[in-house]
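Worksheet: one structure, shown below.
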Amino acid sequence: MRLNLGKIGLLWLLIVGSLDAAQYAWSVLKAPTELHVGEGAVVRYQCLFDSSAGDYTVVFKPTASQGYTASMVTQNDHVSGGKRVLQFDVLITPTVAGVVTVNLDAMIRHTTFASIEDASIGRDNVRKYDFNDEKVILPAVKITALANTADLSGEITFAVQVDKIKVRSHEPVHVSLYVRGSGNLDQFVPYDLNISGVKDFSEPAYKDLSLSEDGYEGEIRQEFALVAEKSYVIPPFSLSVFDTNTHKTKILRSRAIAIEVEKGYVRGNLLDTPDLSDKKSWKRYGVYALFLLLGVVLAEGIRWLWRHRPRKKSNVFWDSVVTTKELSVLLSLKGAPQYWEIIQMLDEGSITLNEAKKKLRSLMRDNEEKR
């Protein structure tokens, strides 16, 4: 019997490839067996390699399916005893009653060392890394989901606050509703207010939530502004919650709040007629008059100080001149052409000493601006 060399070579490559590839195994470390609809719990998956497996990448993105939702909470990747260990905590929340089977998958990508070496040394015949992708079906998890008709599930508190209970007509009353705790808070449905004779101005619910092993934890706040002409009552808010500690459904309910609406302002009552027989009123008006008088005196004092403020004296060569003839001689000695016109006017007597000094100051400012 002749041996086919091609088949022998292919078999050899398969054996070498299988020896070079790392082995791994998926398992479930923790999982609930029974939950209520809307109640979440963590399923912990583990992928254990037989080596450090540095050339392997695990892509695990849990997605919701019919009967449950799935969200990644935490993931951990470490090497212990020379073996790579990956752990994933996934929050599973049943959405329908019955037996729910959680089937998730992951992708394991192997990058061959040969392609890494070829790419790193820059061989011309290598264009990209060589990947071997394998889709892995994770172990199935069966959960019995019990019926639950509550609005929310978890450890949840509920509170309603108003900023005032007595207002004028058309003055708004601000109502704040708070839902706090942990559970399936992401499923909260905002409230609608419908009170006869009351205009409701509401904002979208604000959610400050983060994912944890107990579900979504944090706070939800919903704000309302209510405006009315007559008194009214804010009806109680209610929220049914399945308590995951006691495994019982309870109703969280706020109290009814009566809002008293008084008549609006009347034009004739905006200013009260002063009672002149009251000594306190006279004292109050006297204080007003005193403050008014002090203001007038202070203003006049500031004006006087401004007029008599010390002025900075300029240091120009003509300040000490006291006669027009002296100024004419002094300007002639300077010999500057810009002074000729002023000298001629001084000699003709068509300009006074103060006017000549003003012209000189103006001429000096013009020269400074040109510089």
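The values are calculated or read from the model by the stated rules, or taken from the named source; none is laboratory data. No experiment lies behind these values; they were computed from the predicted model shown. Virtual Cβ from ideal backbone geometry, glycine too; neighbours counted across all protein chains shown. These accessible areas exclude ligands, DNA and RNA; they are computed on the full protein's heavy atoms, side chains included. Shrake-Rupley method; radii C 1.70, N 1.55, O 1.52, S 1.80 Å.
Subtracting the Cα-Cα distance of Ser238 and Thr95 from their residue separation scaled by 0.36 nm leaves 49.3 nm. Measuring only protein heavy atoms, the 1.4 Å probe finds Val96 accessible over about 70 Å². The order of His247, His78, His36 by accessible area, most exposed first and with a 1.4 Å probe, is His247, His78, His36.
Here Asp192 sits with roughly 140 square angstrom of accessible surface, probe radius 1.4 Å. Here the calculated FRET efficiency for Val297 and Arg361, from their Cβ-Cβ distance with R0 = 41 Å, stands at 0.65, rounded to the nearest 0.05. If the segment from Gln338 to Glu260 were pulled out straight at 0.36 nm per residue, it would be longer than the present Cα-Cα gap by 19.5 nm. Accessible area ranking (1.4 Å probe, heavy atoms, ligands and nucleic acids excluded), largest first, for Lys166, Lys357: Lys166, Lys357. For Val316 and Asp163, compute 0.36 nm times the residue count separating them, minus their Cα-Cα distance, and round to one decimal in nm. Roughly 47.9 nm would be gained on extension. Measuring with a 1.4 Å probe in the full set of protein chains, what accessible area per residue, in whole Å², belongs to the stretch 30-102? That works out to 45 Å² per residue. Taking every protein chain into account, the 1.4 Å probe leaves Ile302 with about 100 Å² of accessible area, to the nearest ten.
The 3J(HN,Hα) values that the Karplus relation (6.51, -1.76, 1.60; θ = phi - 60°) gives for the stretch 197-205 are, in residue order, x, 10, 8, 10, 10, 10, 10, x, 4 Hz. Gly and Pro appear as x.
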